[in-house]
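What follows draws every value from the coordinates through simple rules; no lab data is involved. Note that the structure is a prediction, hence the values are computed from the model and not measured. Note that each Cβ is placed from the backbone with ideal geometry, even for glycine, and that neighbours are counted across all protein chains shown.
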Amino acid sequence: MLDSRDTDEGAATRRRRECSWCGRRFTTYERVEGTMLAVRKKSGRTEPFEAGKLRAGVAIACEKRPVTAKQIDDLVLDTENHFRDQGVAQVSSQEIGHYVMAGLKRLDEVAYVRFASVYQEFDEVRSFVSTVESLSEPQRKDHRRRGGDDSSGNPPLPLD
């Protein structure tokens, strides 16, 4: 062995080696094999968690939005780590979807609504409107606390 070092924040070991027979050099990566995370679908079927599949869905929601590939990768990795760290062998697709939606809500509200429309299977405009309105609810509550119109007939007070 010529060289050995940790990569991926200690999640893997990179080893640079040389073949004793032909003299060619090559690199190997050693990773600790974690527990297999399974996803329980709405239909009841179970399948292995696939980060690539989740990444593709999130990337579609983020298309033409100011979200970088690194932010998408970080969200997918964070999601996978969150459920693996819980030590469960199986997680529902609904739990994964809710976790991803919370992350997208922080990254980009338009991507959040796009993802929600597919994940929650919106079939009417009211579902979109309700989701968009829910994004501004904290702002409305905050506005009321700062002296906004509280439906008492009083005009809102200036904020500054």
>> For the ranges 93-104, 18-29, 116-127, 40-51, what's the packing order if you count other beta-carbon atoms within 10 Å of each residue, average per peptide, and put the highest first?
In response: 93-104, 116-127, 40-51, 18-29
> Out of residues 5 or more away from GLN90 or on other chains, whose amide H comes under 5 Å of its own, with H placed 1.01 Å from N in the peptide plane?
Replying inline: ALA38
>> I need to check one value: relative contact order of segment 35-122, counting alpha carbon pairs closer than 8 Å and at least 6 residues apart, in percent.
In response: 37 percent
> What do you get for Rg/Rh over segment 35-122 if you use C-alpha atoms and the Kirkwood form of Rh?
Replying inline: 0.96
> Counting Lys and Arg as +1 and Asp and Glu as -1, what is the net charge of the other residues whose Cβ lies under 14 Å from the Cβ of CYS62?
Replying inline: +2
